[in-house]
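Below is one structure, written out as structure tokens; the observations come after it.
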Amino acid sequence: MKLYDLTIHQSHELLKKGEVSSIELTKAVLERISQAEEKLHAIVTVTEELALRQAEQADERIRSGDSTPLTGIPALLKDNMCTKGIRTTCSSRMLENFVPPYNATVVEKLEDAGVVIVGKGNMDEFAMGSSNEHSAFFITHNPWDLGRVPGGSSGGPAAAVATGETIYALGSDTGGSIRQPAGFCSIVGLKPTYGRVSRYGLVAFASSLDQIGPLTKDVTDSALVMNVIAGYDPRDSTSVNYPVPDYTRALIPDLKGLKLGIPREYFVEGMQKGVEEVMRTAIAKLEELGATVDWEASLPSTKYALAAYYIIAPSEAMANLARYDGVKYGYSHDGENMWDAMEKTRQFGFGPEVKRRIILGTYALSAGYYDAYYLKAQKVRTLIMQEFQQAFEHYDALITPTSPTVPFKIGQKVDDPLQMYLSDVCTLPINIGGIPGLVVPAGFCDGLPVGMQILGKPFSEETLLRIGYAYEQATGWGQQRPRV
Amino acid sequence: MKLSREEVLHISTLCRMSMSEAELERFQEQISNILENFEILKEVDTTDVPPTAYPIHMENIIREDKTAPCLPQSDILANAPHQEEGYFRVKAVLD
């Protein structure tokens, strides 16, 4: 096995025993980047110098006996998390040269744990997109088939984890941006409960939906990263002061006593046959592992989630993105006067998908349309949340596909926004509800990955990790690596 | 819901983002198409349903009123496209 294919916990064992140093591990990952990046295009900025410096410090820390499970282990951050002194672009022309003066809370926490940062991962511009084709710089390719998309918006980080360009990554998820690419790249992705992880220093897209979470090679790694990044942060007034458990204690390889619901609305019309077959096999496995499965679960408002989401998210986005005016930071275009300069800055600084959402959000919030669109969507949000609450009175978790299809071809949906939006149909209701969702590899359909999505009530990450772990141990789908 | 050309122009002004003629036409068509699909929300009976802004219950989160160090001015201005004497520089606001 190559060093870059190791998981966090495997790396930690070797580092602890002194069988490998953080410098060696980091160099192996950096070499993998220089070898695979030509085909993958997953990384916007490689931070080689910083990584080697942090690795040296980590080796010292390990020698002194003061290491944590993440010490000395390479990580990639999605390029929308502020890193002090390191360019943070959101894969946008608007922030191409933006160097944050402070670190995001998650970055501080990883640094305290002894992280080695190898770079910043490519994404759809400002996290708006489901394929990484909306990056203003370049398109990331799916490591399982370079002609296909890795998913989005955390497509760069997901492709990098699957390929060994990093040991793990942090992504952000507003409507599926961690989970859909995790499913498309056959790795593990967790969107925590809203408020579980601080958003301080995460470039805002839709503030009531955004959440940071881990992209990892297995479920144990997901638990290890959560142990570090979860928790209350006074600098994020929406972070929740709720105790952080040791998530690794939830990793039990059986599902006895758990009741799982399969919401029928998620096995939608237009769903790829092969994906459905993989899901049925996966659910049968969960039953074999001791869970009780009810195929009659129902969340009737699911069909309204897409419309509600694509009103709420763009409305919040248009407000958040008002700050890009070419004055304080970022791209700045010349103009005849202040307003002209600002309007041109935004015309030439933003890409087409970001503009579409700003326009959509502005429309939904404008006088005369607010009640019909934004307020209506917020009321539908209430109904969707109530249905989740009712479902979790009966079930410990719900099981769904991650996406109705396997990864699609590059270019297939990029000119048809509605088709692109539909690829999030299974993931975005979870952000509307603020609940956690875990995606684990569930197998392949014609050689392309299929992810299983596990949903739970707020702060039930431990239950989700347990289910994901038991399934992973019994099947081993996640151990397969793409050849790049 | 079909958006008129004038409506798209009005939105363009509201969000302070100018558009080329080609963009104007494309957005008019695409946004109209998206809004048409959102008509599905009209089916939902939301009488007496309160709106939800945030998925968690929160009220009046306030921090303690005490001073703490902030970033130096030079750090904040470091990313400014145009600056002068410790200020952000913009074009004339009034003609």
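The values are calculated or read from the model by the stated rules, or taken from the named source; none is laboratory data. Quick caveat: nothing in here was measured; it's all calculated off a predicted structure. Every residue, glycine as well, gets a Cβ built from its backbone with ideal geometry; the counts of neighbours run over all protein chains shown. These area figures cover heavy atoms from the full protein model, side chains too; ligands, DNA and RNA do not enter into them. Shrake-Rupley method; radii C 1.70, N 1.55, O 1.52, S 1.80 Å.
Extension gain for B:E36 to B:E6 (0.36 nm times residue separation, less C-alpha to C-alpha distance): 9.0 nm.
For a label point 7 angstrom out from the Cα of A:F348 toward its Cβ, which stretches of the range A:96-137 have the backbone nitrogen within less than 11 Å? Correct set: none at all. Between B:L24 and B:S74, the modelled label-to-label distance comes to 4.8 nm, taking each label 7 Å out from Cα in the direction of the beta carbon. Distance from the Cα centroid of the range A:437-456 to that of the range A:397-423 is 13 Å (rounded to whole angstrom).
Looking at chain A, the DSSP beta bridges with both ends there are about 70 percent antiparallel. Enter the accessible area of A:K17 (Å², nearest 10), with the probe set to 1.4 Å and all protein chains included. About 130 Å², ignoring ligands and nucleic acids.
Amide H to amide H, with H built 1.01 Å from N, A:F408 comes under 5 Å of A:V149, counting only residues 5 or more places away or on other chains.
Note that the range A:288-298 has calculated 3J(HN,Hα) couplings of 4, 7, x, 7, 9, 10, 10, 7, 9, 5, 8 Hz, one per residue in order, obtained from phi through the Karplus relation 6.51 cos²θ - 1.76 cosθ + 1.60 (θ = phi - 60°); glycine and proline are x. The modelled label-to-label distance between A:S366 and B:R63, using points 7 Å beyond Cα along the C-beta direction, is 3.7 nm.
Taken over the C-alpha atoms, the range B:1-44 has Rg and Dmax values of 11.7, 37 angstrom. Computed from the Cβ-Cβ distance with R0 of 30 Å, the FRET efficiency linking A:E296 to A:Q473 stands at 0.60. The relative contact order of the range A:334-484 comes to 19 percent, based on Cα pairs under 8 Å that sit 6 or more residues apart.
Given +1 at the Cβ of Lys and Arg, -1 at the Cβ of Asp and Glu and no other charges, the dipole of chain B around its Cα centre is 320 debye to the nearest 20. Of the residues A:E336, A:E31, the one with the largest accessible area comes first in the ranking A:E336, A:E31, computed with a 1.4 Å probe on protein heavy atoms. Excluding ligands, DNA and RNA, the accessible surface per residue across the range A:3-257 is 29 Å² with a 1.4 Å probe.
The heavy atoms of A:T7 present about 10 square angstrom of accessible area, all protein chains included, probe 1.4 Å.
Give me the percent of the accessible area of the range B:1-44 that comes from carbon and sulfur atoms, probe 1.4 Å, all protein chains in place. Answer for the range B:1-44 is 50 percent, counting heavy atoms of protein chains only. Here the Karplus relation 6.51 cos²θ - 1.76 cosθ + 1.60, evaluated at θ = phi - 60°, turns the backbone of the range A:446-462 into coupling constants of 6, x, 10, x, 10, x, 9, 9, 10, 10, x, 6, x, 6, 9, 3, 4 Hz, with x for every Gly and Pro. The antiparallel fraction among DSSP beta bridges confined to the range A:3-257 stands at about 65%. Computed over chain B, relative contact order equals 21 percent, with contacts defined as Cα pairs under 8 Å that lie 6+ residues apart.
If you average the alpha carbon positions of the range A:160-198 and of the range B:35-72, how far apart do those two centres end up, in angstrom? Comparing the Cα centres of the range A:160-198 and the range B:35-72, I get a distance of 24 Å.
For the range A:3-257, relative contact order (Cα pairs under 8 Å, six or more residues apart, normalised by length) works out to 18 percent.
What does the C-alpha gyration tensor say about the overall shape of the range A:3-257? Classify as rounded when a/c is under 1.5, otherwise prolate if a/b is larger than b/c, or oblate. Judged from the Cα gyration tensor, the range A:3-257 comes out rounded (a/c under 1.5). Could you tell me the distance between the Cα centroids of the range A:319-350 and the range A:69-139, to the nearest Å? Cα centres, the range A:319-350 to the range A:69-139: 23 Å. With a 1.4 Å probe rolled over the protein heavy atoms of all chains, the accessible area of A:R381, A:R53 falls in the order A:R53, A:R381, largest first. A full extension of the chain between B:R89 and B:Y54 corresponds to an added length of 8.9 nm, given 0.36 nm per residue minus the alpha carbon distance. At q = 0.05, 0.06, 0.09, 0.14 Å⁻¹ the log10 of I(q)/I(0) for chain A amounts to -0.16, -0.24, -0.54, -1.38, computed by Debye summation with a single uniform scatterer per C-alpha, solvent ignored.
Which shape class, rounded, prolate or oblate, goes with the range A:241-306 when its Cα gyration tensor gives a ≥ b ≥ c as root eigenvalues, a/c under 1.5 marks rounded, and past that a/b bigger than b/c marks prolate? Verdict is oblate for the range A:241-306. Of the residues B:H57, A:H41, A:H12, ranked by 1.4 Å probe accessible area with the largest first, the sequence reads B:H57, A:H41, A:H12.
In chain B, the longest principal axis of the Cα atoms and the axis of helix B:5-14 are about 20 degrees apart.
Length gained on full extension, A:E108 to A:A284, computed as 0.36 nm times the residue gap minus the Cα-Cα distance: 59.2 nm. Decide, for chain B, between rounded, prolate and oblate: order the square roots of the alpha carbon gyration tensor eigenvalues as a ≥ b ≥ c, take rounded if a/c falls under 1.5, and otherwise choose prolate if a/b is larger than b/c, else oblate. Oblate, since a/c reaches 1.5 and b/c is not below a/b. In the context of the full protein assembly, A:Y102 retains an accessible surface of approximately 80 Å², using a probe radius of 1.4 Å and ignoring ligands and nucleic acids. Only the Cβ atoms of Lys and Arg (+1) and of Asp and Glu (-1) were treated as charged; on that basis the dipole of chain A about its Cα centre amounts to roughly 260 debye.
The contact between chain B and chain A removes approximately 5200 Å² from the accessible area (both sides summed; 1.4 Å probe; ligands, DNA and RNA excluded). Dipole size of the range A:192-238 about its Cα centre, with +1 on Lys/Arg Cβ and -1 on Asp/Glu Cβ: approximately 60 debye, rounded to the nearest 20. Rounded to whole numbers, the Karplus 3J(HN,Hα) couplings from phi for the range B:26-40 are 5, 5, 4, 6, 5, 5, 4, 4, 5, 4, 4, 5, 7, 4, 3 Hz, using 6.51 cos²θ - 1.76 cosθ + 1.60 with θ = phi - 60°, and x at Gly and Pro. Dipole of chain A computed with +1 at Lys/Arg Cβ and -1 at Asp/Glu Cβ about the Cα centre; of A:L418, A:T475, A:Q180, farthest Cα towards the positive end is A:L418.
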